[in-house]
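Encoded as structure tokens, the structure appears first; notes follow it.
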Amino acid sequence: QVQLVESGGGLVQPGGSLRLSCAASRRIFSFNAMGWYRQAPGKQRELVAAITSGGVTNYADSVKGRFTISRDNAKNTVYLQMNSLKPEDTAVYYCNFQSGPLGYWGQGTQVTVSS
């Protein structure tokens, strides 16, 4: 079993920045891919950004140029740096780690962008 613990969410004004962290209970190099999803009220969960074990990244069009996913293997942690935040970025953000057919989810962290 793998535990994922997220942190870094909160309330921020439009144009501001936040950095989300997702710490895993085991070495992250064992995972095929790691990603961040978000779910806004009344909407489906959507992929925001992902990074593979080889370091290839992928972003939703809505966040390209504003969000950056990265990882620190030594800390078993994946990050999502979010800049130029907009009200439409408001959602619960979840990290997801894939290991073959198995997927693991964090508990979610709320991000609210509002003035």
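The values are calculated or read from the model by the stated rules, or taken from the named source; none is laboratory data. Fair warning: this is a prediction, and the values are worked out from it, not measured in the lab. Backbone-built Cβ (ideal geometry, glycine too); neighbour counts: all protein chains shown. Side chains included, ligands, DNA and RNA excluded: accessible areas come from the protein's heavy atoms. Shrake-Rupley method; radii C 1.70, N 1.55, O 1.52, S 1.80 Å.
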Distance histogram in 5 Å bins (all Cα pairs of the chain, percent per bin) = 2, 13, 25, 26, 19, 10, 5, 1, 0
key: Nearby aspartates and glutamates by direct alpha-carbon distance to K43 (threshold 14 angstrom, same-chain neighbours under 8 apart not counted)   = E88, D89
ask   = Ignoring ligands and nucleic acids, what accessible area does S21 show with a 1.4 Å probe (Å², nearest 10)?
value = 20
Candidates per trypsin sites (Lys or Arg not before Pro) in the range 1-71, loop by DSSP, up to 12 other Cβ within 10 Å = R27, K43, K64
